[in-house]
1. Restricting the search to segment 1-33, which residues are aromatic (Phe, Trp, Tyr), assigned to a helix (DSSP H, G or I) and farther than 19 Å from LEU43 by Cβ?
2. Just to check your reading of the model, which residue among LEU52, LEU40 is part of a helix (DSSP H, G or I), closer than 25 Å to VAL12 by Cα and free of Cβ contacts under 8 Å to residues at least 40 places away in the same chain?
3. If you go through segment 22-34 one residue at a time, do you hit one that is β-branched (Val, Ile, Thr) and within 18 Å of the chain's Cα centre (by Cα)?
4. Within the group TYR63, TYR74, which residue is free of Cβ contacts under 8 Å to residues at least 60 places away in the same chain, within 25 Å of the chain's Cα centre (by Cα), farther than 30 Å from LEU15 by Cβ and part of a helix (DSSP H, G or I)?
Amino acid sequence: MKKIMLRVLLVVAVLMLAAIVTCFYLGYFMQAYFLIFIILTVLFAMGQIANLNNNVWLHRNSYERRIEEETERYRHDREQ
């Protein structure tokens, strides 16, 4: 599945680049800038999704670490 998605993304990237170059060559500047805007928007969205996934992972990791520390502290207090 990943190989197929990688190939599809590569083909789309090449087609977008060719479309941008063609639009600039033919004088369709607004369409070329619109395609560039789409690329930047997709990259920005991917960055936001990665940031969100990272924040969720950090929250879960810190929560689990805190629970483990409290459990160890509780066990240590009961032993004494």
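None of the figures in this text is laboratory data; all of them are computed from the coordinates on show. Given the structure is predicted, the values throughout are model-derived calculations rather than measurements. Every residue, glycine as well, gets a Cβ built from its backbone with ideal geometry; the counts of neighbours run over all protein chains shown.
1. PHE24, TYR25, PHE29 - these are the residues of segment 1-33 that are aromatic (Phe, Trp, Tyr), assigned to a helix (DSSP H, G or I) and farther than 19 Å from LEU43 by Cβ.
2. Values: LEU52 fails: closer than 25 Å to VAL12 by Cα.
None of the others qualify; the one that does is LEU40.
3. Here is the first cut: in segment 22-34, the ones β-branched (Val, Ile, Thr) are 22.
With within 18 Å of the chain's Cα centre (by Cα) added as a condition, the list becomes none.
No, segment 22-34 has no match at all.
4. The unique qualifying residue is TYR63.
Yes/no per residue for (1) surrounded by 10 or more Cβ atoms within 10 Å (Cβ to Cβ); (2) of a type in the set (Ser, Thr, Tyr):
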{"site": "LYS3", "(1), (2)": "no, no"}
{"site": "LEU26", "(1), (2)": "yes, no"}
{"site": "MET46", "(1), (2)": "yes, no"}
{"site": "ASN61", "(1), (2)": "yes, no"}
{"site": "ARG66", "(1), (2)": "yes, no"}
{"site": "THR71", "(1), (2)": "yes, yes"}
{"site": "ASP77", "(1), (2)": "no, no"}
